[in-house]
Amino acid sequence: MGAMINEDRFGVVSLVVDVASVAANITAEQTFAVTGLKVGDFVAVNKPSLNTGLGVCNARVSAANTLAITFNNNTAGAVDPASETYLVFWFRPEKTPVGVVNP
């Protein structure tokens, strides 16, 4: 079961994440359920421990209620980290301007 957020504009949720094995020398996206996330929400993810060679290089809302985290493995072997509780910061902007606005 995934985490759940309320209807505020921002917040932090804890999410138990069991990352599938990440093959050697690749970048791979995996998805997790977070009820209440909306496409367009900004998300930042905190992985609580270090796994040598494994990094979190992106996080996004790929679909309603779905958090996508991209992992990169910079080692010569697969990395299969233990399940752990991540913190996910989410922010729902009121307006999202298109392009750059110059003063």
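Laboratory data are not the source of any read-out in this text; all were calculated from the coordinates shown. Note that the structure is a prediction, hence the values are computed from the model and not measured. So basically every Cβ, Gly included, is an ideal-geometry build from the backbone, and we count neighbours across all protein chains shown.
Summing charges over neighbours of Val39, with a neighbour being any other residue whose Cβ is under 13 Å away from its Cβ, gives +2 when K and R count +1 and D and E count -1. Candidates Leu87, Gly40, Ala63 compared by Cα position along the dipole of the chain: farthest toward the positive end lies Gly40, with charges placed on Cβ.
The Cβ shell under 15 Å around Ala28 holds other residues with a net charge of -1, Lys and Arg each +1, Asp and Glu each -1. Average projection, convex hull of the Cα set of the stretch 3-91: 5.0 square nanometres.
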